[in-house]
Every structure is written in C-alpha cells, then in structure tokens.
1. What FRET efficiency comes out for residue 360 versus residue 311 if R0 is 35 angstrom and r is the Cβ-Cβ distance? Round to the nearest 0.05.
2. Once the other residues with Cβ under 12 Å from the Cβ of residue 334 are scored (Lys, Arg +1; Asp, Glu -1), what is the net sum?
3. Per residue of the range 6-12, what does 6.51 cos²θ - 1.76 cosθ + 1.60 with θ = phi - 60° give for ³J(HN,Hα)? Whole Hz please, x for Gly and Pro, Karplus curve as stated.
4. Using the Cβ atoms and a cut-off under 12 Å, what net charge is assigned to the surroundings of residue 369, where Lys and Arg are +1 and Asp and Glu are -1?
5. Taking the Cα centre of the range 180-376 as origin, sum charge times position over the Cβ atoms of Lys and Arg (+1) and Asp and Glu (-1), and report the length of that vector in debye to the nearest 20.
6. Given labels modelled 7 Å from the Cα in the Cβ direction, how far is it in nm from residue 262 to residue 52?
7. Where a Cα-Cα gap under 15 Å defines reach, which aspartates and glutamates qualify for residue 18, not counting those fewer than 8 residues away within the same chain?
8. Roughly speaking, what is the centre-to-centre gap between the range 93-117 and the range 142-210 when only Cα atoms are used, to the nearest Å?
Amino acid sequence: MNFDSIKKIQDVDLKNKKVLVRVDYNVPLKDGKVDNNKRIVATEKTIKHLLDNNCRIVLIAHLGRPKGKVCPEFSLAPVAAEVEKLFGVPVHFAKDCVGPEADKVVAETKNGEIALLENLRFHPEEEKNDPEFAKQLAKHGEVFVQEAFGTVHRAHASTSAIADFLPGCAGYLVQKEVEFLGKALENPARPFAAVVGGAKVSDKIMLLNNLMDKVNVLVIGGGMAYTFLKVQGHEIGKSLFDAEKEDEAKAVLAKAQEKGVKILLPVDHICGKEFAETAEPVTVEDINIPADLMGMDIGPKTMAMFREELLKCKTIFWNGPMGVFEFPNFAKGSFAIAQAMIDATKAGATTIIGGGDSVNVLKKGKFNQKELSHVSTGGGASMEFVEGKELPGLVALAK
Ligand code: AMP
C-alpha cells in the first residue's frame with residue numbers, strides 16, 4: 001500500500017475548524033478513575049496541534065467490549081475528567097456519540113475546547129461498519145483525524161466508513177506507527193534482524209513468512225522455537241510442540257535457506273519439570289532437552305549468541321517473548337533481548353517493538369521504552385501490519 005497517499009494532519013488547513021478525532025482511549029479504569037493514562041498522553045501532540053489551531057475538537061473512542069449495548073461500566077465518562085486534567089481545557093462529555101445528545105454537546109463546545117462522546121461500541125452499528133452510523137458521526141466534524149492506531153486493523157464505522165463522509169488525515173501517532181512499522185520495515189537499514197517468540201507457531205506463521213521476504217536474520221525463540229528444533233531432529237522433551245504446524249515450520253526453514261536468511265534457534269535452554277511459577281529452573285547446556293523437562297526460556301549461550309548477532313544489525317524488529325517471562329525464573333532470555341535492543345539503539349540501530357507481549361516484557365523488566373526507537377501502541381494492528389495485511393483504517397485514509 002502507498003503510505004504517501006495518506007494525508008498528514010500537519011498538511012491540512014485546520015484553523016478554527018471543527019475536527020472529529022478517532023482516538024484510542026481504551027484505558028484501564030479503577031474505582032471510577034483512569035488507572036493508566038498512557039494512551040491519552042500518547043495523543044498529546046495531535047491534541048496540542050489542534051488546540052494551537054483553535055479547533056473545536058470532537059473525540060470519538062471505544063472502551064472495552066460492550067458488544068453493541070449500553071453498559072455503564074464501559075462508559076467513557078471517567079476518561080473525560082482525565083483528558084481535561086491533561087490538556088487543561090474544558091472537556092464536555094456527551095452521553096451518546098450520535099443523536100440529539102451528541103449534537104447538543106458538540107454545539108455547546110467552543111473553539112479551543114474538547115467534546116468527548118460516549119463509547120462508540122454502545123451501538124452495534126460501529127463494529128458493523130454501518131454507513132448510516134458513520135454518516136451520523138461525520139456530522140460532528142468538518143475534517144476527520146485518525147489517531148487510533150490500535151483500531152486501524154478493524155473495518156469499523158469510525159475507522160473505515162467514516163472516511164466516505166469526511167476528508168481524512170493521519171494524526172501524529174498513526175504517522176509514527178506507519179513510519180516505523182511501514183517504511184522502516186519496508187526499506188530497512190541492513191543488516192535487518194527480526195526476533196520472533198511467543199507460545200505458538202500457528203500465531204506467528206504469517207508474521208514469519210512475511211518477514212522472511214525482508215530480513216537478513218531471523219531469530220526464533222520462545223515456546224514456538226521447539227517445533228523448529230524438533231523438525232530439525234532435536235529432542236525437545238516436554239516442551240511445546242505444534243504438531244499441526246510441523247510442515248509449515250519446515251517450509252519456513254526451507255524458504256530461509258533458499259533466500260539466504262540466517263536463522264538462529266536456541267542452542268541451550270532453561271527448563272522446568274512442569275509449567276509452573278514454582279518450577280525449579282534447570283539449565284540444559286545441550287540443544288537436546290531430556291524427556292522429563294520442558295524448555296521455558298533460552299539458555300545463557302543462546303542469550304549471548306542472539307545478543308552478538310543483534311548488535312551487528314542496523315534494524316531490529318521484535319515480537320514475542322523468548323520464554324515464560326511472567327515467571328521470574330524464566331524471564332532472563334526476554335530481558336536479554338530487551339537489553340540487546342537498547343544497546344543496539346545506542347549504537348545507532350533502528351529498533352522496533354510490535355506486539356503486546358514484548359511490551360509487557362519491557363514493563364516487567366522495568367526497561368525504559370524511550371531507549372528504543374519505537375514501541376508500537378497497537379498490539380493486533382501492529383501484528384497485522386507486519387504480517388503484510390492491508391489495514392482497513394489506513395486504506396480508508398489513503399482513498
Ligand atoms: P505471544 O502472545 O504469542 O507473543 O505469546 C506470549 C506467551 O508465550 C507468553 O505468555 C509466554 O509465557 C509464552 N511463552 C513463551 N515461551 C514459552 C515457552 N517456552 N513455553 C510456554 N510458553 C511460552
């Protein structure tokens with residue numbers, strides 16, 4: 001897809017305009033308050049730009065999975081207070097996102113102020129990409145800004161159909177994601193390595209196949225690595241094995257050979273007798289795992305080997321942990337990758353993390369996300385992006 005055909009917020013004349021902005025404010029709530037405001041903070045550059053242009057800002061968003069019904073626990077009302085606190089301008093909350101209530105609140109909102117409309121997903125039409133619903137939403141703005149990267153892989157009324165009724169552009173957050181996940185991976189500085197981990201081969205097979213056409217080095221760790229080791233003829237003991245994906249794993253290895261992609265798999269392991277937080281960690285110095293053990297993290301030799309390879313690279317993309325990082329005894333391998341990426345960034349490499357669980361590794365290990373070039377905000381969206389799929393929310397903007 002041609003990302004250059006997507007208009008950018010800074011290239012659109014927005015002075016004094018009424019601007020409809022789709023944001024990803026799907027934030028955790030606790031005791032009726034926002035518990036973590038990161039997603040709201042992430043939109044700061046776009047909101048400030050609109051305020052600087054004296055816009056009347058109308059924010060639309062979803063929260064949780066109310067499945068097309070009004071559920072008070074998924075109300076965006078607590079988010080309005082947080083938005084007001086963060087951006088320091090009056091925020092008017094509307095109890096519905098369409099209809100007279102929304103129209104009234106939008107009409108009351110002045111330029112330089114913000115209206116936040118109630119959860120889009122209280123209406124089943126949102127997830128059905130209903131054009132009539134999109135038209136109702138479109139009434140709230142003269143221009144549409146897509147700022148919710150986390151939802152652009154969904155063809156919903158507020159991501160897809162909306163663009164048929166309003167001229168659309170990408171907010172700063174969406175631009176940054178496209179810049180890193182799109183352009184940097186499409187045209188990477190080389191050598192380019194991808195590190196892929198996580199539990200199952202089946203979840204990552206599309207990702208692996210698409211990356212195979214782009215990377216110089218493919219590092220495979222986590223539970224999925226054992227299926228690869230087994231098809232290579234190694235003993236994997238009680239480790240995870242994706243029998244249904246055996247042929248596809250073989251095909252990945254064959255394709256790598258054909259394309260000259262260097263594949264790195266674990267050469268030693270940290271194992272446990274059972275899948276439990278209390279499992280005693282046993283270092284297996286060999287590539288083969290004894291029958292009574294399961295691989296739960298990469299071993300020290302593997303950590304050093306992966307690190308050495310990554311430090312030679314100019315672009316690194318990472319998705320999925322190297323082990324069961326939720327259990328402290330099996331988190332070292334994932335932390336080692338995080339540290340290698342931080343050190344590679346310091347040495348001038350572009351480092352990108354896409355996918356939910358690698359972000360959780362950073363949190364768990366108390367790594368500073370700012371020490372990486374880009375940590376994607378959209379789990380599912382970034383995954384589909386790197387799998388090579390066209391994302392409806394971006395396609396709609398490019399029209
Ligand atoms: P994913 O969401 O596909 O990236 O998978 C992440 C999950 O994979 C995490 O919950 C990890 O605990 C799990 N995982 C990583 N390595 C292993 C392993 N060796 N055995 C079992 N589960 C693993």
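1. Here the calculated transfer efficiency is 0.90.
2. 0
3. Karplus-based 3J(HN,Hα) across the range 6-12 equals 7, 5, 9, 3, 6, 9, 10 Hz.
4. That works out to +3.
5. 880
6. Placing both labels 7 Å beyond Cα along the Cβ direction yields 4.3 nm.
7. 52, 103, 108, 113, 142
8. 29
Quick note: the coordinates plus some simple rules give every number you see, no bench work behind them. In this text the structure is predicted, and so the values were computed from the model without any measurement. Here the Cβ is made from the backbone with ideal geometry for all residues, glycine too, and neighbour counts use every protein chain on show.
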